[in-house]
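Contents: one structure, followed by commentary.
What follows is calculated from the coordinates using simple rules that are stated; it is not laboratory data. All of these numbers come straight from a predicted model, not from anything done at the bench. Quick reminder, even Gly has a Cβ in these numbers, built from the backbone with ideal geometry, and neighbours come from all protein chains shown.
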Amino acid sequence: MKSIAKADVAGKRVLVRADLNVPVRDGKITDITRIERFLPTVKDLLERGAKVIIMSHFGRPKGKNVPDMSLLPVAQKLAHLLKDKHLLNAKVRFAENCIGPAAQKAVGELENGQVALLENLRYHEGEEANDEAFAKELAQLGDIYVNDAFSCSHRAHASTHAIAWNLPAYVGPSMKAELDALSAALDTPKRPTAAIVGGAKVSTKIPVLTNLAKKMDMLVIGGGMANTFMFAQGMNIGKSLCEPDFADEVHKIFTAAKESGCKILLPVDVVVADEFKEGAHNVTYDSVDVPADETGMILDAGPKTVDMYKEHLQQCETILWNGPLGAFEIKPFGVATFELAREAARLSRENGLISVAGGGDTVAALNTAGVSEDFTYISTAGGAFLEWLEGRELPGGVALEIGN
């Protein structure tokens, strides 16, 4: 992929695909993380004299103009943040459409060092259909195309895929940083390596677990999916969340791990609660000693498990984390997740551990534990992060490699 960092952008119309699909409530943005992560890209291009045209989707309007899914609040927030960075020339023009006269007018009025944000791409069916005609209309607005939206690059949409055949195509700094971090954790890691994989269901992560079992030195299993692993090994799990129909898939993962020399770690003790609610009465059992008639549910890993996982992490040079170890969102069932997160953060801070994490619940858990700043890299991507863990090619990345 060609990096936009090496391109001559002065005086050029640089058409940038970003992911500004931020949470909005009552017309107000409730989390500006994605905008803040994108700001350095905008700042760099503006300082190099580019005319920056930003395009993004927002929500799922299904090809229709839905006022509640307008990017206007994002344009206003972007302008405010750019002003805070003293980019006073960076007036943000908002185009009420992403193609046609409105878009052409907004772009045509840009001076060097100014910004235009186009209206929601998904107001047009051609976006999600990866329509070539729609991509060509978008391309007419720019001289150079930049994909800076890793989190959208698992989709073959017009603004991430088809457009790359219509303009000189480059990878943006945010997407490049993400690709570099993820590659360092999975493709060319410093060893030993460990993947911590949690979450509710094995069924949603079979491809992820299968791929990681072939590439990692250790695979730490947590969350509800650990129950299915324990069930597959003949352990009692009470009325815990479990997917018995996937026991055969679990055995295949064990086989794949054994063939590649990957050690699978499961909880050696578990916290069993009477019900799924905050403060529920709970008892800690060794995993092999959960009573056969136990009517409770496993909601967290126990202290022996945490100590064991910590010992293994201390042997590692690289860790990859996706999914919590328990029901961290309700007290007191986040103990295992938070303690292991703090240990990973300490090892990153003091020992140079390369720690890469991603996934919505994972990011929320690390934020709650107060350790996000200490991790080497945290991905805000959802589907793209999981597909990358599965070892799948991302259409947006492929387009940059073989497009125009």
Original post:
Which shape class, rounded, prolate or oblate, goes with segment 189-389 when its Cα gyration tensor gives a ≥ b ≥ c as root eigenvalues, a/c under 1.5 marks rounded, and past that a/b bigger than b/c marks prolate?
Top reply: oblate
Original post:
So how much slack lies between residue 236 and residue 259, counting 0.36 nm per residue of separation and subtracting their Cα-Cα distance, in nm?
Top reply: 5.6 nm
Original post:
Based only on the alpha carbon positions, what is the Kirkwood hydrodynamic radius of segment 329-371, in angstrom?
Top reply: 10.7
**OP:** Can you pull the one-decimal nm distance between simple spin-label points at residue 368 and residue 44, each 7 Å off the Cα toward Cβ?
**Re:** 3.4
Subject >> Low-density loop cleavage sites - trypsin sites (Lys or Arg not before Pro) in segment 202-297, where at most 13 other Cβ are within 10 Å (DSSP) >> reply: 239, 277
Original post:
For helix 173-186, what angle does its Cα long axis make with the longest principal axis of the chain, in degrees from 0 to 90 and rounded to 10?
Top reply: 20
**OP:** For helix 206-215, report the angle its Cα long axis makes with the longest principal axis of the Cα atoms of the chain; keep it between 0 and 90° and round to the nearest 10°.
**Re:** 80
**OP:** Just grab the label-to-label distance for residue 60 and residue 33, each label 7 Å out from Cα along the Cβ direction, in nm (one decimal).
**Re:** 2.1
**OP:** Give the long-range amide H neighbours of residue 265: residues separated by 5 or more places, or on another chain, with amide H under 5 Å away, using H modelled in the peptide plane at 1.01 Å from N.
**Re:** 219, 220, 221
**OP:** Please give the contour-minus-distance gain from residue 330 to residue 289: 0.36 nm per residue of separation, less the Cα-Cα distance, rounded to one decimal in nm.
**Re:** 12.3 nm
Subject >> Subset of 12/85; 239/331; 201/239; 51/91; 28/176 violating a 18 Å alpha-carbon distance limit >> reply: 12/85; 239/331; 28/176
Original post:
Between 173, 99, 70, whose Cα lies farthest towards the positive end of the dipole of the chain when Lys and Arg beta carbons carry +1 and Asp and Glu beta carbons carry -1, centred on the Cα centre?
Top reply: 99
Subject >> Shape of segment 4-172, Cα gyration tensor, a/c cut at 1.5 >> reply: rounded
Subject >> For residue 91, residues with placed amide H under 5 Å, excluding near neighbours >> reply: 115
Original post:
Quick one: Cα centre-to-centre distance for segment 120-135 and segment 335-359, in angstrom?
Top reply: 40
Original post:
How large is ³J(HN,Hα) for each residue in segment 190-199, as worked out from phi by the Karplus curve 6.51 cos²θ - 1.76 cosθ + 1.60 (θ = phi - 60°), to whole Hz, x for Gly and Pro?
Top reply: 6, 10, x, 10, 9, 10, 9, 10, x, x
Subject >> residue 310 versus residue 129: modelled label distance in nm, points set 7 Å from Cα along the beta carbon direction >> reply: 5.7
Subject >> Translational D in µm²/s for segment 269-388 (Stokes-Einstein at 25 °C, 0.890 mPa s, Kirkwood Rh from C-alpha pairs) >> reply: 163
**OP:** Measure nothing fancy, just the Cα-based angle from helix 360-369's long axis to the longest principal axis of the chain, in degrees from 0 to 90, nearest 10.
**Re:** 70
Original post:
Please state the relative contact order of the chain as a whole percent: Cα pairs under 8 Å, 6+ residues apart?
Top reply: 16
Original post:
Once all Cα-Cα distances of the chain are split into 10 Å bins that start at 0, what whole-number percent is in each one?
Top reply: 5, 22, 27, 21, 16, 8, 1, 0
**OP:** Give the residue from 340, 156, 325 lying farthest towards the positive end of the charge dipole for the chain; charges sit on Cβ (+1 for Lys and Arg, -1 for Asp and Glu) and the dipole is referred to the Cα centre.
**Re:** 156
**OP:** Using 0.36 nm per residue of separation minus the Cα-Cα distance, give me the extension gain between residue 86 and residue 251 in nm, one decimal.
**Re:** 53.7 nm
Original post:
Across 10 Å bins from 0, what is the distribution of all Cα-Cα pair distances for segment 96-199, in whole percents?
Top reply: 14, 36, 28, 13, 8, 1
Original post:
So in the chain, what percent of DSSP beta bridges are antiparallel if you round to the nearest 5?
Top reply: 20
**OP:** Note down the magnitude of the dipole of the chain about its Cα centre, charges +1 on Lys and Arg C-beta and -1 on Asp and Glu C-beta and zero elsewhere, to the nearest 20 debye.
**Re:** 1360
Original post:
How about residue 263: which aspartates and glutamates have a C-alpha closer than 12 Å to its C-alpha, ignoring those fewer than 8 places off in the same chain?
Top reply: 217
Original post:
If all Cα-Cα distances of segment 11-57 are sorted into 5 Å bins from 0 onward, what percent lands in each bin, rounded to whole numbers?
Top reply: 5, 21, 26, 21, 14, 9, 4, 1
